[in-house]
Amino acid sequence: MIPSKIDSVFIEITTDFKGVIKRVNAGGFAEKEFIVNESIFFVCPFLIGTLEALPLDEFFSMEGMIITSNSIEFNVDVELFRSKKSISVLIHDRTKVYRFVEQLNQSRNDVFFAKREISEKNKELARLRKVADKANEEKTRFLAMMSHEVRNPLTAILGYTDMISEEPLGDKAKEYIGYLTSAGENLKVIVNDILDLSRIEAGKLELVSEEINIKEIVNNCFVNYKNQQKDKVVVLDLVVSSAISDIVFGDSVRVTQVLSNLLSNALKFTKKGSVSLEVELVYAGKKTTEICFKIVDTGRGMTVEQTAKIFEEYQQNELNDNRVFGGAGLGLSIVKRLVEAMNGTISVFSELNVGSTFSVEIPFKKYIEQQSKSGLSRINLEKMSLKGMRILIVDDDLLNQKITSHFLKKKDVTVVVFNNGLEALEELDNQSFDVVLLDINMPGITGEELIQRKSSFKKNNNTAFIALTGNATQKDRGNYLSLGFSDVIFKPFKSDELIEKISVFFNKF
Amino acid sequence: MIAKKVLLVGNFGVGKTSLIRRFVLSEFSEDYISTIGVRVSSKIVKVGNEEIKLLIWDVAGTNDDEKIPKAYFLGASAAMYVFDLSREETYVNLKNQIEVVQELSGLKNITVVGNKKDLLTSNEIDHLIKTISVPVNLITSAKENENVEDAFTILAKQSLN
């Protein structure tokens, strides 16, 4: 006697060689479907062809076949045995097992297709990213090129404005020259800001980690703005905590840029009262130190809504701010990104008609041996004379030649000028110079090509060559220094910057 | 009328069930439901003057490392190997996989069909066919009902050989 549970999951049938059911031997699975003297092929179409081909006296099994009983599909495993007289067919109902298999298979395949879809989307994303990167690179290249093209005429504008302002002028002319200077300076800021922003956006901002003197940087910034504020009623204060380390590791250019921008802004929007730069120690560990730079002004201040948007690009608080105060509204956005790139934070507290406080906290790596970096005292540029110095200027831009010559001649320098690298090349074999100021983009031989021939000159092998260029990125600077230039001056430059850089080499003679 | 057992084999998800559904029931569904074991469908086709009842075995799709049970091929008169034109892994080892099917089934000729032609451009298909190491009998689309009937006609003809 077979228990009913087992009885219902199998059926054993005997057929003839044509598939006609001769006997139901045992089991009750789908028994209504298997009728004696009828073909088994009605219920088991998969046996058509198979049954006829069965080998003699060998067990043969087939798994996962489907049969239908009472309009329900069942998954069955089938065992077949062909003897000389008949065929034995044993059918096992394995529906439950196959349902699990089905779920597993379906899940496996779904995962496969989902993975494939993700992979395809990733490929597409990678492709789009490449396109975007390329477009970004093109944009950066375009901006760098435009920046270079703009810097050259800007050098002429600012230089000649400077020269004109030193001439005896009437009041009206002085006023107009003032506007011209202001517009030129504003254009210079915009060019630098756009280039900086594109570099930051392209992830190409490279920070330098070198020994820097925080107190010196702060003091230089302060003195610079103090000099500019001579005629105004706003008091500019500097408070530096004595706990601040002199030398730390950081990027002096970018720290200066941040402080200059914030100080410039504070002075722009403060008509009376004071602007102060306060430098405090936040934290001093064994290896790192964190310094807070606070720029506090008693200017017009901002509303809460204005404060919330102040670090966004192209933000100026009133529609006509950029017309009144200049700039493209990129300054604070760049400052924020620069501070973040230095792992620092920037915050602002402001009250309308009371004033604003910008706080910048930057962590610096400590310099263990507390030494002064250069020991150079600030040079009094105004009184400095470079008498006796012989400087060669090589620049294909006539206006730039004249401005640079003018700045140098004012310091009693003997100046020799050439229009291109080819002419200069000949002269560098004949005359000795203390400094050579070399433009980069020149017809014939470029500044880059010329510096690489330095070792072959008959004279001037030890002369300092300074690149004078509108290619004003840190990458360009690094490239020029690696080619053999002693220093780099970006166009447009001011007289002070030119003289200060040259004076370093004057001291050596 | 004679009955012939024919099999459709190939990797999972290449569209074997869809080809059969399109051929037998004139239906197509975008939903993918994997086949478990074997489902047998039948359709009468005419080859020349002869009517054949094709018993079409829809064999569950396999992975590269899985083999179709040899028992399935017992008594089979023809087999179709289906691959997915849009999935490289389904045809990258085509020559080897067809040899395996030939060995298991004892059949000399296997009908080779590239399905899902609707997912590729004609240029892409031309290029792909050139890179495949075995001759492809037909390029089909179960979704667009392109060449499906022809593919089964080729299969039916082969079942008579």
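Taking GluC sites (Glu not before Pro) across region A:199-294, the ones in a DSSP loop with at most 16 further Cβ atoms lying within 10 angstrom of their Cβ are A:E206. Note on the protein assembly as shown: dipole from Cβ charges, positive end direction compared against B:T121, A:L128, A:I157; the farthest Cα belongs to A:L128. Packing around the peptides B:149-156, A:108-115, A:433-440, taken as the average count of other Cβ atoms within 10 Å per residue, puts them in this order, highest first: A:433-440, B:149-156, A:108-115. Report the relative contact order of chain A, percent, no decimals, based on alpha-carbon pairs under 8 angstrom and at least 6 residues apart. It rounds to 10 percent for chain A.
Secondary-structure-derived ellipticity at 222 nm for the protein assembly as shown, considering helices only, amounts to -12500 deg cm²/dmol, per-run term -39500 (n - 2.57) for DSSP H runs with n ≥ 4. Computing FRET efficiency as 1/(1 + (r/R0)^6) for B:N109 and B:I132, where r is the C-beta to C-beta distance and R0 is 22 Å, gives about 0.85. Multiplying the residue separation of A:K309 and A:Q431 by 0.36 nm and subtracting their alpha-carbon distance yields 38.1 nm. Sorting the Cα pairs of chain A by distance into bins of 10 Å, from 0 upward, gives 3, 14, 18, 17, 10, 5, 3, 4, 7, 8, 7, 3, 0, 0 percent per bin. Using a Förster distance of 45 Å, how high is the FRET efficiency between A:K272 and A:F249, based on the Cβ-Cβ distance and rounded to 0.05? Once the sixth-power term is evaluated, E becomes 0.70.
Within region A:1-98, the trypsin sites (Lys or Arg not before Pro) that combine a DSSP coil assignment with at most 16 other C-beta atoms in a 10 angstrom radius are A:K18, A:K84, A:K85. Amide H contacts under 5 Å for A:F418: A:I393, A:V394, A:D395, restricted to partners 5 or more places along the chain or on a different chain, H placed in the peptide plane at 1.01 Å from N.
Distance between the 7 Å Cα→Cβ label points at A:K96 and A:L128: 4.9 nm.
Sequentially through region B:96-110, phi angles give Karplus couplings (6.51, -1.76, 1.60; θ = phi - 60°) of 5, 5, 5, 4, 4, 4, 4, 5, 5, 8, x, 8, 7, 10, 10 Hz, Gly and Pro residues having no value and appearing as x. Normalising the average separation of contacting C-alpha pairs (under 8 angstrom, six or more residues apart) by the number of residues puts the relative contact order of region A:390-506 at 23 percent. Annotation: amide H of B:T140 within the under-5 Å range of B:G114, B:N115, B:K116, B:K117, sequence separation 5 or more or interchain, hydrogens built in the peptide plane. Using the Karplus relation 6.51 cos²θ - 1.76 cosθ + 1.60 with θ = phi - 60°, the per-residue 3J(HN,Hα) values for region A:150-161 come to 6, 5, 4, x, 5, 4, 5, 4, 5, x, 5, 4 Hz, with x marking Gly and Pro. All other residues whose Cβ lies under 13 angstrom from that of A:K85 are scored, Lys and Arg at +1 and Asp and Glu at -1, for a net of +2. Counting every other Cβ atom within 10 Å of each residue's Cβ, A:R151, A:R127 order from fewest to most as A:R127, A:R151.
Just rank B:F83, A:F249, fewest to most, by other beta-carbon atoms within 10 angstrom. Provide the component values of the computation, followed by the final result.
Details: B:F83 26, A:F249 15.
With the fewest neighbours first, B:F83, A:F249 line up as A:F249, B:F83.
Sorted fewest first by neighbouring Cβ atoms within 10 angstrom, B:K4, A:K366 come out as A:K366, B:K4. Counting only other chain Cβ atoms within 10 Å of each residue's Cβ, the peptide A:356-366 averages 0.
Springs between Cα atoms under 10 Å define the GNM used for chain B, and in it the highest mean-square fluctuation of B:L54, B:L119, B:L94 occurs at B:L119. Taking the three principal axes of the alpha carbon atoms in region A:100-200, the coordinate ranges are 99, 20, 13 Å, sorted in descending order.
For chain A, the longest principal axis of the Cα atoms and the long axis of helix A:474-483 meet at an angle of about 70 degrees. Mean per-residue shielding of peptide A:237-244 is 0, counting Cβ atoms of other chains within 10 Å of each Cβ. Applying the criteria of a DSSP loop state and at most 14 other Cβ atoms within 10 Å to the GluC sites (Glu not before Pro) of region B:1-61 yields B:E27, B:E30. Take the Cβ atoms of A:S242 and A:S182, set R0 to 51 Å, and the FRET efficiency comes out at 0.85. The mean sequence separation of alpha-carbon pairs under 8 Å and at least six residues apart, normalised by the residue count of region B:13-150, gives a relative contact order of 24 percent.
For the residue pairs A:K287/A:K501; A:K411/A:K491; A:K294/A:K366; A:K271/A:K294; A:K268/A:K494, the alpha carbons lie more than 26 Å apart in A:K287/A:K501. Converting phi to 3J(HN,Hα) with the Karplus coefficients 6.51, -1.76 and 1.60 and the offset θ = phi - 60°, region A:494-501 yields 9, 3, 4, 5, 5, 5, 4, 5 Hz in sequence order, with x at every glycine or proline. With the cut-off at 1.5 for a/c, could you classify region A:402-498 from its C-alpha gyration tensor as rounded, prolate or oblate? It is oblate, given that a/c is not under 1.5 and a/b is not larger than b/c. Averaging Cα coordinates gives a centre for region A:191-257 and one for region A:473-502; these two points are 18 Å apart.
Between A:K121 and A:N227, the modelled label-to-label distance comes to 5.9 nm, taking each label 7 Å out from Cα in the direction of the beta carbon.
Where a number appears in this text, it was derived from the coordinates with a stated rule and is not lab data. Bear in mind that the values here come from a model prediction, so they are computed numbers and not experimental data. No Cβ is skipped: glycine too gets one built from the backbone with ideal geometry, and neighbour counts run over all protein chains shown.
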